[in-house]
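These notes concern the structure reproduced below.
The values are calculated or read from the model by the stated rules, or taken from the named source; none is laboratory data. Not measured: the values here are computed from a predicted model. Cβ placement follows ideal geometry from the backbone for every residue including glycine, while neighbour counts extend to all protein chains displayed. Keep in mind that these areas ignore ligands, DNA and RNA; they rest on the heavy atoms of the full protein, side chains included. Shrake-Rupley method; radii C 1.70, N 1.55, O 1.52, S 1.80 Å.
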Amino acid sequence: MLEKLMIAGGRPLRGTVQISGAKNSAVALIPAAILAETTVTLDNLPHLSDVAIYTEILTDLGASIEWSGDQMVIDPSRMKSIPMPNGKVKKLRASYYLMGALLGRFGEATIGLPGGCNFEPRPIDLHIKGFEALGAEVSNENGALRIRAKQRLRGAKIYLDMVSVGATINIMLAAARAKGSTLIENAAKEPEIIDVATLLNAMGAKIIGAGTETIRIEGVDSLHGCRHSIIPDRIQAGTYMIAAAATRGDVIVDNVIPKHMEAVTAKLQEMGVHIYEMDESIRVVGQPEYESVDVKALVYPGFATDLQSPMASLLCQARGVSILTDYVYSNRFKHIPELVRMGAKMKVEGRSAIIEGSFLSSAKVKATDLRAGASLVIAGLSVAFGGVTEVTGVEFIDRGYENLVTNLSALGAEVWREREE
Ligand code: UD1
């Protein structure tokens, strides 16, 4: 049953919101558990549709999984590398991690090319080059990748032409049990990569340098179970920070690692938002007026591309013209025409959105991907006078925001779900 979000804006968000574990870690840590011979326990797991789909996929592959509250216990001991050319793997982008994990444990994998948020073509050529460098043969069979290693994978030196989160993690997964040493150069440095390396090391892997541009992996013969707590979701946290500013609210965003939020914090402060950092929380106090700023979405530790869309909604409210440029995805602007329907003055030029200060009004809009959806929710919350904004495509938003309606309601927003006819 499809649903839509209904938002009566104009209410400042006030109170405290708890941030869940990181989606982009969870969808890598769950497949990473395949590499172990015994039980892996993951704590601080978010309740999200992507996590639920991953759980079903691992179960189909023979894992036994218990998921209660925010804890998941995965017993991968009886898993097999069953071909999955179609079906559930097509529902999420991060199904590509099955390739590295199954290849690493069983030396073979057949996985359909991933689905998920397709805001623009998202190639996985670097993942494939990595698998091949480790000695696997990769062929495309009717839209599924067949990856086979005739003998045990061998460590190799791999330079990534582009800084890729997915390729860095996938190569770590495949190389953890390879023979010899693997060096990933020009690796991505996102906190989620450190989280995956931390789990793998707790499983007995030997990985050093995660979080820097050079990662060294000494292959080991086998990996064992362990217990690991997932890092907080910095994108979810950033979204609530931006929403607090956009509604002129006063919100404590709790269970965050403030260091992970530095790029957002700095940009919000530059606009005039007041921010107070504590050990594990950040208080965001909105102000009546904001200055325009230029934002460049970059790889970590730069401003996250996943927060570029939410930020567009806040920049509508700044005095003057802001330029928002995405250096990670050149065409990630499907939220812009929808924001224009709400009265935003913005246009896309090349890989930038040019945004002028404007008043937003309620409208019927459509989320076409996860973070575009977040931007429309923030826009709906910011509509100052009258009317209800209807956001369809809620299934995309559910992929990344645990308890969104409950959390926003607790902060004083008037937001509810209705069945979409
Ligand atoms: C991950 C995140 C996503 C985030 C993105 C960038 C997950 C599940 N998703 O996606 O939320 O927006 O990082 O921070 O963690 N590229 C290639 N070839 C490849 C791989 C990537 O050309 O083989 C390009 C992409 O098109 C893009 C850039 O490299 O322009 C970065 O992509 P990448 O970091 O791989 O993104 P994902 O891992 O897919």
_Assuming 0.36 nm per residue, please report the length gained on full extension of the stretch ASN86 to GLU291 beyond their Cα-Cα distance._
69.0 nm
*Stretchable slack from ARG122 to ARG341, in nm (0.36 nm times residue separation minus alpha-carbon distance)*: 76.1 nm
*Which percent of the accessible heavy-atom area of region 294-421 goes to carbon and sulfur, probe 1.4 angstrom?*
53
*Rounded to the nearest 0.05, what FRET efficiency is calculated for ARG154 and GLN269 with R0 set to 60 Å and r the Cβ-Cβ distance?*
0.80
*Given a 1.4 Å probe, how much area per residue of the chain is accessible, in Å²?*
38
_To test your reading of the geometry: what angle, between 0 and 90 degrees and rounded to tens, separates the Cα axis of helix 49-60 from the longest principal axis of the chain?_
20
*Spacing of the two label points (7 Å from each Cα toward its C-beta) at GLU418 and GLN71, in nm*: 4.2
*asked:* Past 23 Å, Cα to Cα: identify those pairs from LYS259/LYS347; LYS296/LYS347; LYS296/LYS345; LYS91/LYS206, in the order given.
replied: LYS259/LYS347; LYS91/LYS206
*For the residue pair ASP161 and ASP43, what label-to-label distance in nm results when each label sits 7 Å from Cα along the Cα-to-beta-carbon direction?*
4.3
